[in-house]
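The values are calculated or read from the model by the stated rules, or taken from the named source; none is laboratory data. It should be emphasised that the depicted structure is a prediction, and the values quoted were computed from it without experimental measurement. Because the Cβ atoms are built from the backbone with ideal geometry, glycine has one as well, and the counts that use them run over all protein chains shown.
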Amino acid sequence: MFTNLPIIILLLPLLAFILMIFFGNKLPRKGDWLATGMMALTLVLSVVLLITKVGSHSAEVFTSSFDWVVVGSKTIGFGIMIDNLAAIMLVVVTLVSTLVHLFSIAYMKGDVRYSRYYAYLGLFSFSMLGIVLTNNILLMYVFWELVGISSYLLIGHWYEKKSASNAANKAFIVNRVGDFGMFIGIMILFISFSSFTFEAIFDSISAGQLPFGSEGWLTAAGVLIFCGAVGKSAQFPLHVWLPDAMEGPTPVSALIHAATMVAAGVYLVARVFPMLTADALMVIAYIGAITALIAATIAITQFDIKKVLAYSTISQLGYMIMALGVGAYTAGFMHLVTHAAFKAGLFLGAGSVIFAMHASLHKLHDHDTDAQDIRNMGGLKAKMPVTYWTFLIFTLAISGIPLTSGFLSKDEILAGTLAFSTINGHWLLPLVAFTVAGLTAFYMFRLFIITFHGKAANEKILAGVMESPKVMTIPLMVLAALSLFFFYSFNPFGASSGWFYSAVVRPASMVPELLQPAAYPVFYEAVSSVHTIAMVLSIIIAVAGVYLAFMVYQQKKISAEKLAQRAGFLYKGATNKWYFDEMYNRVFVNGSHVIMKALRWFDETIIDGIVNGAATVTQLFASISGWIDTNIVDGLVNGTASTANRAGGLLSHIQTGKVQTYLLFVLFSFVVLFILFL
Amino acid sequence: MELNIFGIGILTWIVFIPIVGMIIVLLLPDKNRNAIRWTAAVATGIQVVLAGIIFAVFDRAKLGINDAESFQFMEKYSWITVEAVPWVGRIEINYFLGIDGLSVLMIILTSLIAFIGVISSWNIDKMVKGYFALYLLLVTGMMGVFVALDFFLFFIFWEVMLLPMYFLIGLWGGPRREYAAIKFFIYTFVGGILMLLTMLALYFSVAYTDPATGQSVHTFNILHMMNPANYVDGGLLSGVDTTWRYVAWMALFINFAIKIPLFPFHTWLPDAHVEAPTPISVILAGVLLKLGTYGLLRINFPIFPDATVYFIYFMAALGMISIIYGAFCAMAQDDFKKLIAYSSISHMGIVVLGIAALNTQGMVGGVLQMFNHGIITAVLFLSVGVLYDRTKKRGLYDFGGIATQMPKYTGLAMIGMFAALGLPGLNGFVSELFSFLGAFEAYKWITIISVTGIIITAGYILWTIQRVYLGKTPEKLADLKDLTPREVLMFVPLIVLIILLGIYPAPAIELMNSSLSHLVEFINAGGM
């Protein structure tokens, strides 16, 4: 059950990938139903696995592994591990993947590389499930990069567009920077503990072993591994790739760049949580907080529907990372799960809107209007009821309004940061957390109102808008249902009494006692004492955010322009994404161009100059000896009279590059003489 | 272990079967081009079969390196013997072949690449007879180096490679072929002289007592040179940690560093690659470069363990510089072939870094990287060749949108590209992983700097893919045809290996694990 089933779940999408890549174009309907069906089957199997695992084996951890390779005397094993974390994550991944497969049938209809698209979705699902299932940090890294390459292929799906291939490159390379850190971290762990498995690494650490015998290296290893999460989960300062990744098809954004792959970083931190020192966790918490704040401020100022959602994703990921950093482990992971549902919903909803806009613009033969710019929308509510109502539920959930799943998880995170600050006085974290909660409610309702309410920006476009077909609306409805509270806890005002909280328990820290974060009971007590305050505060702030959005964009009692003016440089900075892209371009892209050109010059001028100089000198010697040779030989045979004449010809002959014959001769005679001598 | 076919050892077969092919090629009439091609294909095909047999029966547990007893498929015959030379004594040169875990993968690589090189040479039209004759001679030279255990024999094979290579570039190459060929020749020639001098110095320093006659005999036997007890009193290279031993190490190192090629001895490679015809580039990058690192492992490391340890930090640093420098230079190129040439410098730097770790992980990673890089870079050069055949262009900016036009080809080429950027699941990752793991244990900071190379590599590979394969297909490329069956055939074995060894490298690592572990122990014990 817990060895074969996960392997089947893992391999089904891989099989789908292989089938689609080789036979996709020959299958009926280019294989879309086959791919979707196989993914749905993995979903069913994953649900069965989750129910069995959490239902009757909640406290157990199942692992199985095999020897991959033996190097020297060290055996490296690969294997899988099923705990509640993995079982829940399996369902999240397969569910969103199945819905995205379904949604794409209509959304990608008629695409030039339709079956290729489904093949890559299969490759992605396989790699993502690999990350979830592995018991081993090396194998995690392997799948980590494989999701990276799937993401690269899917962002660049429409590679005829330069902007798409640029975005794909940026995504992969920026992720590589994070992976570089992760790789160093993995090397530190392996060199110190001779194993890649989480279990063995934790055991060694809890037995008092430290990497290179130093506490600093243990913290460093944790932070370096976290670098992988910084890349993949688009955390500051590597968040710049995710907004560009929106160049990919929208269902891809929903699956990879909202619900699953970008959450892998959070999953990674949860996996290695027991080995993180208090210092490492502090770094993680602050990185998360900075990310959440930066991204939220940018999201307010964007007009591209997908860009707003992209920055919102970055911000929410920052939330999860911050939650793990402060020790609110369960809350952070729960937010991953609830966010996966409502953010996938938001992206698919956006996809539905873009799809409708495209169809309408197509009918009008309008190729200039941007189908993703919310300033061209407005009033879509009447035309797209299902999209509208589901989008409303998703927006309420992400804003943290009670009765939604988002309220449950966000509330616990807020309580966690507040509790953290009562323990050690880091009050900046809860301050950021509550601010971001307000900002989120504001920018999400801004997006919602401009898109669906009010008057249409262009009546002609609106006239052509139609509700999307069933394959697209059904996934929206499923995800909307999953964005309600009762799937996670029957108490709408407290997640901690639900099954989720009893299934996912914060693991004990393995690091030496002096380096440990505040122990769980201490933390738990602090959370309990601030929980009510946090909840009331979070509801007030969320409602305030929503209210403000209605004032500005629905009632227009406050002018958005004036607000922007008053914010001055803050608004300018946020609109320009705080100039990260410009700065990175100037420093890293231009920097590497300068270095590469300088090195090329060095290579071609200095090193080759020396080589060619040496060759010229050799040639000179050769021609001198050639001249002597010629003169003597000619002198003996023909007398000196005609020498000058002929020497000129021969000399030029030598100088046109026949030195090699001399060298050949030298070499050959050397070898021959040597053999003869012996 | 011995394995004879018609009374002749398998290693002799695998080395000299191309010579047989060459003789047949020379006897065939000029016009009969297909017979010439097929002869070459059969000769190298037989090599592949023999390599397969060797792979199947090779004893994974035997150590080799310095222990004559545990070499496999050994053949040892007295070749040249001079009884009494004044103040030298008896001289003997042996025809001494054998392989261990260090050489076995290289045998497999050489035979495979040589065979694929023949397939990709199929459309060479200029002087077909001469081309294939030289090609087969080259293959014998390469194979010979990997099996020779007598230094003199090693040297002969080493020099035998030089001439055909020179002519293959100089006659069948591109517009600047003369310059490239001379540059290649001078570089390797200088290296050859250094090796020759060191070989002679070693010869006069090493003598063993013939058990039959009790006579003290100078020898070229590489294994004897590894035993400190065999050094004569007062010999130039006798003793431990002497200046002359350092000098000798350095002379050999320069010779091998030129072949690898290691910064700053590398500038012959980009020119040679750019001018060489595709199959020769494949051979050059696929096999020839490995001779450099192989030489270090077969000769420098076990004969001079003291000097190796003395210079090892320097060597690791050169590896690091090659990795970063090669990667940046690759990024700066706008010629597809030059880009791959510089990427080879970068990837061979990983080999050097790995073996410089002087531990088993690094050593295994390094040797596996030699094999993997051979396979990957062959795919890359074949990829350029496919485009060059169709368009006679190599500039990165001459292309675009090939993915739409030639989807099959692009799929295969991109697997090669991804393997080169170290994507997990493909073979390049495994060997880079172990090289870096080993190196990290020995040199923290050098390795950390080297690992930044994976970011630069991702940069230039993806940028290349974008420029060549992605984007809109321009008008001028709109009639490009996808791969022919012959072309598919030359890609498929390599791609299969890239994926198989990426997922499950154990069959390759098992071959060398014991030998390389032994080599590490041997060096760290100072050659005792």
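When you scan segment A:291-400 for helices (runs of 4 or more DSSP H) that lie fully inside it, which ones turn up with 1 or more residues that are under 30 Å from A:PRO521 (Cβ atoms) and not β-branched (Val, Ile, Thr)?
A:305-326, A:329-363
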- All positions within segment A:66-80 that are free of Cβ contacts under 8 Å to residues at least 60 places away in the same chain and part of a strand (DSSP E or B): A:PHE66, A:ASP67, A:TRP68, A:VAL69, A:VAL70, A:VAL71, A:THR75
- Only one residue in A:ALA542, A:ALA564, A:ALA598, A:ALA534 is assigned to a helix (DSSP H, G or I) and modelled with pLDDT under 90, so which one is that? A:ALA564
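Please specify each residue of segment A:203-218 satisfying the condition of being outside any helix (DSSP H, G or I) and touching a helix residue (DSSP H, G or I) at 6+ places or on another chain (Cβ under 9 Å). Step through it out loud before you land on a result.
Within segment A:203-218, the subset outside any helix (DSSP H, G or I) is A:207-210, A:214.
Passing the criteria: A:GLN209, A:LEU210, A:SER214.
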- Task: Give the residue that is farthest from the other protein chains (Cβ to nearest Cβ), with candidates limited to residues of segment A:569-626 that are over 24 Å from the mean Cα position of the chain (by Cα) and among the basic types (Lys, Arg).
- Result: A:LYS572
- Query: Given (1) of a type outside the set (Asp, Glu); (2) surrounded by fewer than 16 Cβ atoms within 10 Å (Cβ to Cβ); (3) modelled with pLDDT of 90 or more; (4) not in a helix (DSSP H, G or I), where does B:LYS31 come up short, assuming only one miss?
  - Reply: (3)
- Task: Please go through segment B:294-336 and pick out each residue that is within 30 Å of B:TYR397 (Cβ to Cβ), surrounded by fewer than 23 Cβ atoms within 10 Å (Cβ to Cβ) and either among the basic types (Lys, Arg) or away from chain A (no Cβ under 11 Å) (or both).
- Result: B:ASP335
- Item | Residue count, segment B:22-64 (criterion: within 29 Å of B:PHE301 (Cβ to Cβ) and among the polar types (S, T, N, Q)) | 1
- Sort out which residues of segment A:137-158 are more than 8 Å from chain B (Cβ to nearest Cβ), within 19 Å of B:ILE465 (Cα to Cα) and either in contact (Cβ under 8 Å) with a residue 60 or more places away in the chain or β-branched (Val, Ile, Thr) (or both), and write them in order of number. A:VAL147, A:GLY148, A:SER150, A:SER151, A:LEU154, A:ILE155, A:HIS157, A:TRP158
- Select from segment B:202-234 the residues that are within 14 Å of chain A (Cβ to nearest Cβ) and in a helix (DSSP H, G or I) and write down the one among them that is surrounded by the most Cβ atoms within 10 Å (Cβ to Cβ). B:TYR203
- Note on the structure: Across (1) farther than 16 Å from A:ALA229 by Cβ; (2) at pLDDT 95 or above; (3) not hydroxyl-bearing (Ser, Thr, Tyr), A:PHE303 clears everything bar (2)
- Message: Among (1) closer than 24 Å to A:GLN235 by Cα; (2) touching a Leu at 6+ places or on another chain (Cβ under 9 Å); (3) within 8 Å of chain B (Cβ to nearest Cβ); (4) not basic (Lys, Arg), there is one condition A:MET182 misses while meeting the rest; what is its number?
- Response: (3)
- Report, by residue number, each residue of segment A:165-178 that is surrounded by fewer than 24 Cβ atoms within 10 Å (Cβ to Cβ) and more than 8 Å from every other protein chain (Cβ to nearest Cβ). A:ALA167, A:LYS170
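Pull up segment A:44-65, narrow it to residues that are outside any helix (DSSP H, G or I) and within 29 Å of the chain's Cα centre (by Cα), then point me to the one that is farthest from A:SER502 (Cα to Cα).
Looking at the filtered set, the residue picked out is A:SER65.
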- Task: State yes or no: is B:GLY428 part of a loop (DSSP other than H, G, I, E, B), more than 8 Å from every other protein chain (Cβ to nearest Cβ) and not aliphatic (A, V, I, L, M)?
- Result: no
- Message: Being touching a helix residue (DSSP H, G or I) at 6+ places or on another chain (Cβ under 6 Å), over 30 Å from A:ARG375 (Cβ atoms) and touching a residue at least 24 places away in the same chain (Cβ under 8 Å) is true for just one of A:ALA526, A:ALA508. Which residue is that?
- Response: A:ALA526
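Give the residue, chosen from B:PHE522, B:PHE434, that is in contact with a Phe, Trp or Tyr (Cβ under 9 Å, 6 or more places away or on another chain) and not polar (S, T, N, Q).
Of the residues listed, the single one that is in contact with a Phe, Trp or Tyr (Cβ under 9 Å, 6 or more places away or on another chain) and not polar (S, T, N, Q) is B:PHE522.
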- Item | Every residue from segment A:185-230 that is β-branched (Val, Ile, Thr) and within 11 Å of chain B (Cβ to nearest Cβ) | A:ILE186, A:ILE188, A:ILE191
- Within segment B:141-186, restricting to residues that are within 22 Å of A:ASN612 (Cα to Cα) and among the charged types (D, E, K, R), the one that is surrounded by the most Cβ atoms within 10 Å (Cβ to Cβ) is B:LYS183
